[in-house]
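Contents: one structure, followed by commentary.
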Amino acid sequence: MDYYLLTARSITHVQQMAKALEHTGVNAKIRRVGTGVTKSGCGYTLQVSERQYPRCAERLRSAGIRPVRVLHVTGSGTQEVPL
Amino acid sequence: MIYLDSAATTFRKPQSVRAAVLRAMQTMSSPGRGGYASARAAEELLFRTRSLAAETFGVSSPEQVVFTTSATHGLNIAIKSLVPSGGRAIVSPWEHNAVTRPLHALHAEMAVAAAPLFDDDACVRAFQKALRRGADAVICTDASNVFGYALPIEEIAGLCRRAGIPLIVDASQSAGVLPLDMTALGAAFAAMPGHKGLYGPQGTGLLLCGAAANPLMEGGTGSASLAQDMPDFLPDRLEAGTHNVPGIAGLEAGLRFVREKTPERILRHERRLIRRAAEGLSRMSDVTPYTAAEERRQLGVLSFTVDGESPEDVAEALAKRGVAVRAGLHCAPLAHRSGGTAETGTVRVSVSAFETEAEIDGFLRALRAALHP
């Protein structure tokens, strides 16, 4: 299953993103991730399905909350994409 | 015991606060350190509390709400972030040692905006005058911990904004009873304890950040762990080490208690008690209470002196009769110098949402009995 990972600078940042997505129908999951994803050590991401990502991105843009990076994870690999 | 020392700590806490502390100890571990249920529960608690504080105090983002161990901790961060060694700070005449000692340690010039007690116009004029010479920061208590004087903080904040000088607000005595809106004030920082008017446990506090800050401590944050510098983002930059999770759980419950009861109602109650105490003290010929002519200028804190008696002796005599008050300089020698009470200090009576008129009457009876056995 393909999905998007929205990396956060901190647990508070990822919680803010998750909060902004409440009541939008987007099913976002907070996940702890390591250096492989963050490049800076322990961190947090928000995982969102490919189908729900457009709605998620729109909501975060309108709330003025930007993830550090957005990674598109597919069967063929991981690619950084703009929000 | 009749407890009249809430300016130090609100000793009586809502049942919800005690329950929250216990629940946190039973169900929560370290936030930001794991993906398992107890870590998640702690993380959710911290975010809820930050969000609640941000909403309560007009902070634009929960990331700008930093957990501290006390108002003193927050003030140290704020002052040391803004005032360089040998810098210049303008302070009100009613500041606590939590402000003056960090400035002293920085060898900073401390310009006191001197004005008489309870005189708003003179207070604003004094800040206006002091600001002409510029400063690295203005540090002002929202209310005196000795006299309960609620300073005209909105006017002072306006002066600071116009002068382009950052303002640090010490909300130790006002948080929970006076409105505080960081966005409206445009303050750089506001520091407050969790264990006074917010009814949380001791060892908790909040620093509301409207400006860049430097950490007092370095250590683990559960984020950006490869870097050896502290993270450059809030709140992690200022929160090294494991949080006081049970304390923060109590603080969240305390904040909810205040919001439910409303600061306006709590303040009205406290003012009614203080007025009753002041009236009773005024009827004792050898007692001098320090009260504001305008009620809106005084919170639930009242100082008094007794002719020919040391405040400590009075407090001791009251303690023997089951009344808890605080005597001396209240860690605020500057405030006592400004109020003309530095030589002996005062006896301080302070109340919370839980004290009653009957307890004020009990205190007055105990004082009369102590002074005129």
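Laboratory data are not the source of any read-out in this text; all were calculated from the coordinates shown. Predicted model only: the values in this text are computed from it and were never measured. Neighbour counts are summed over all protein chains in view; Cβ atoms, including those assigned to glycine, are modelled from backbone coordinates with ideal geometry.
Put in order of Cβ neighbour count within 10 Å, fewest first, the listed residues B:Met192, A:Met1, B:Met284 become A:Met1, B:Met284, B:Met192.
With a cut-off of 14 Å on the backbone N, the residues of region B:1-39 near the modelled label site 7 Å out from B:Thr356 along Cα-Cβ are B:1-3.
Can you check what the net charge comes to around B:Pro373, using other residues whose Cβ is under 12 Å from the Cβ of B:Pro373 (Lys, Arg +1; Asp, Glu -1)? If you can, show how the numbers build up before the last one.
On the way: positive: B:Lys320, B:Arg321, B:Arg368; negative: none.
Residues near B:Pro373 contribute +3 overall.
Compare B:Gly328, B:Gly203, B:Gly34 in a GNM of chain B, Cα atoms joined below 10 Å, and give the one with the largest fluctuation. Of the options given, B:Gly34 has the highest mean-square fluctuation. Taking 21 Å as the straight-line reach from the Cα of A:Lys29, the lysines in range (excluding those fewer than 8 positions away in the same chain) are A:Lys19, A:Lys39. Our summary gives chain B a relative contact order of 23 percent, counting only alpha carbon pairs under 8 angstrom and 6 or more residues apart.
Using the alpha-carbon positions of chain B, Rg (one decimal) and Dmax (whole number) come out as 20.8, 69 Å. Look at the stretch A:12-21: the mean tally of other chain Cβ atoms within 10 Å of its residues' Cβ atoms is 5.
Once you keep just the Cα pairs under 8 angstrom separated by 6 or more residues, what percentage relative contact order results for chain A? Mind dumping the intermediate values first?
Working: 150 pairs, mean separation 33.5, N = 83.
Value for chain A: 40 percent.
Each peptide among B:141-152, A:36-47, B:214-225, B:85-96 gets the average number of other Cβ atoms lying within 10 Å of its residues, and from highest to lowest they stand as B:141-152, B:85-96, A:36-47, B:214-225. With both residues required to sit in the protein assembly as shown, DSSP beta bridges show an antiparallel share near 70%.
Where does each of B:His104, B:His330 land when they are ranked from fewest to most other beta-carbon atoms within 10 angstrom?
Values: B:His104 11, B:His330 25.
Final ranking by Cβ density, sparse to dense: B:His104, B:His330.
Counting only DSSP beta bridges with both residues in region B:63-221, what percent are antiparallel, rounded to the nearest 5? In region B:63-221, DSSP labels about 40 percent of beta bridges as antiparallel. Relative to the compact-globule estimate of 2.2 N^0.38 Å, the Cα radius of gyration of region B:1-98 comes out at 1.41.
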